[in-house]
Amino acid sequence: MQPAYIDTYYSRTAATSEAYPRAAGRIQADVCIVGGGLAGLTAALKLARSGRKVVLLEAQRVAWGASGRNGGFVSAGYATGLAAIERRAGPDQARELFRLSMEGVEIVRSNIDELGIQNAHRVPGIAKALRYNSRGALQAASERQRSEFGLQLRYVPRDEVRELFISPKYHEAVLDEGAFHFHPLNYGRALAREAARLGASIHEHSSVTAADLDSARKVLRAGDAEISTEHVVFATGGYTGAVLPALKRAFLPIATYVLLSEQAPELVQGAIRTQAAILDDRRAGDYYRLVDGGNRILWGGRITTRTTDPHDIAALLRREMVTTYPQLSGLKVEVAWSGLMSYARHLMPQIGQWKQGVWYCTAFGGHGMNTTAAGGTVIAEGITAESDRYRLFAPFDLAWNGGIFGRAAVQLTYWSYQAADAARELRSR
């Protein structure tokens with residue numbers, strides 16, 4: 001019997017229960033994908049549609065990691081801002097990358113529509129809310145993005161913000177009406193089902209323990225299975241092992257936390273009066289939304305380089321929730337969980353070809369739902385020679401993560417952001 005997913009809102013509401021067998025024996029493939037998260041599943045589906053013989057190896061369950069336990073926000077952009085991308089890639093390439101991030105949103109949307117994934121529970125709208133008065137900067141920035149990229153952005157002034165979010169914390173917001181939120185685990189599992197229907201071989205509990213990547217035909221071992229393949233795609237995330245050391249050294253595993261409230265529609269709707277998801281503007285700030293028909297809150301927040309769970313996840317997050325919405329002081333937590341994301345130090349996805357026939361597609365932490373779709377797509381296009389768009393990410397290579405010094409720097413940076421955010425919020429009172 002296959003072990004279960006960890007206890008989350010998503011696993012509790014998983015729509016189907018199919019499982020995939022362990023890899024066994026000698027297997028021939030055109031492409032072997034290591035990692036069954038949304039990037040690997042997107043690539044597997046596109047490659048299967050093109051007629052390639054695809055084998056996907058997942059160490060746990062399909063969408064078991066961050067892909068199946070995140071906030072479920074699907075919007076354009078990356079974990080870092082456009083200005084930072086421009087500094088590294090130049091303005092023209094930065095705009096192409098941003099448009100690709102927008103395409104990632106549409107890939108997810110079209111998969112939901114074309115595959116009829118009703119249990120993805122797509123709900124339109126994501127609001128970016130500020131805890132300070134930007135004095136026109138937020139409205140101007142949203143106007144620029146709407147003008148340059150055609151995003152469906154609507155500025156929301158303070159009076160309307162406080163009608164939607166019944167909290168004294170927020171001053172203004174921008175509503176992205178083209179973005180949406182959804183059930184990522186049901187979505188990921190639907191991608192796996194469709195890839196398998198088209199002939200892809202998907203194997204759960206098939207951790208890769210060794211890989212010979214130097215020959216024209218690559219050979220990977222997973223338990224007693226041996227997979228011979230022309231192409232290998234490493235699409236792992238925060239739980240990446242050491243099979244490809246260059247990849248392991250290039251990301252930092254960063255934890256984030258999420259809770260699900262009890263069912264209490266009157267309490268919940270007395271605080272949040274919009275179906276749009278809310279993302280506050282603080283660096284590593286809170287992100288939350290209504291689920292279960294508006295009867296519960298799914299609330300996420302905090303990041304840390306600590307990879308083991310604190311004993312009080314629920315209390316930590318509940319404190320943030322009640323500080324923002326004091327009227328929720330009586331709202332109980334039903335379940336809380338964590339997940340490891342992979343972050344590069346430059347905060348961009350790492351997508352490219354390490355050597356002939358060896359591809360990587362990772363580091364989607366902080367903004368993964370659209371970028372995993374875009375990343376899996378451009379890697380598949382590179383393998384089939386449909387395009388070389390994966391080269392857009394060349395400025396964001398497998399840079400060293402800094403080891404223990406990198407971890408310390410990330411944690412210190414996060415604490416400094418928290419202090420700066422608190423000071424800015426205090427000044428706006």
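Tabulated values for the structure
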read-out: Matching residues in region 85-114 - criterion: being surrounded by fewer than 16 Cβ atoms within 10 Å (Cβ to Cβ), of a type outside the set (D, E, K, R) and in a helix (DSSP H, G or I); value: 91, 110
read-out: Breaking point among (1) surrounded by fewer than 24 Cβ atoms within 10 Å (Cβ to Cβ); (2) in contact with a Ser or Thr (Cβ under 6 Å, 6 or more places away or on another chain); (3) not β-branched (Val, Ile, Thr), for residue 73; value: (2)
read-out: Of all residues making up region 368-404, the number that are open to solvent by less than 20 Å² (accessible area, probe 1.4 Å), assigned to a helix (DSSP H, G or I) and among the small types (Gly, Ala, Ser); value: 7
read-out: When residues of region 246-275 are limited to those that are modelled with pLDDT of 95 or more and open to solvent by less than 10 Å² (accessible area, probe 1.4 Å), the one nearest to residue 327 (Cα to Cα); value: 271
read-out: Residue under evaluation residue 190, criteria (1) open to solvent by 50 Å² or more (accessible area, probe 1.4 Å); (2) under 19 Å from residue 62 (Cβ atoms), criterion not met; value: (1)
read-out: Test for residue 39: is it open to solvent by 60 Å² or more (accessible area, probe 1.4 Å) and either touching a Phe, Trp or Tyr at 6+ places or on another chain (Cβ under 8 Å) or aliphatic (A, V, I, L, M) (or both); value: no
read-out: In region 87-126, the residues that are free of Cβ contacts under 8 Å to residues at least 24 places away in the same chain and over 18 Å from residue 185 (Cβ atoms); value: 87, 90, 91, 92, 94, 106, 110, 113, 114
read-out: Check on residue 174, in a strand (DSSP E or B), of a type in the set (Val, Ile, Thr) and open to solvent by less than 60 Å² (accessible area, probe 1.4 Å); value: yes
read-out: Pair list, Cβ < 6 Å and 6+ apart or interchain, from region 48-60 residues that are in a loop (DSSP other than H, G, I, E, B) to residues that are not hydroxyl-bearing (Ser, Thr, Tyr); value: 52/30; 52/31; 53/29; 53/30; 58/36; 58/204
read-out: Any hit, region 180-187, residues being surrounded by 16 or more Cβ atoms within 10 Å (Cβ to Cβ), assigned to a helix (DSSP H, G or I), of a type in the set (S, T, N, Q) and modelled with pLDDT of 95 or more; value: yes
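The values are calculated or read from the model by the stated rules, or taken from the named source; none is laboratory data. Bear in mind the structure is a predicted one, so any value in this text is a computation, not a measurement. Virtual Cβ from ideal backbone geometry, glycine too; neighbours counted across all protein chains shown. Ligands, DNA and RNA are stripped out before the accessible areas are found, and what is left, the full protein with its side chains, is counted by its heavy atoms. Shrake-Rupley method; radii C 1.70, N 1.55, O 1.52, S 1.80 Å.
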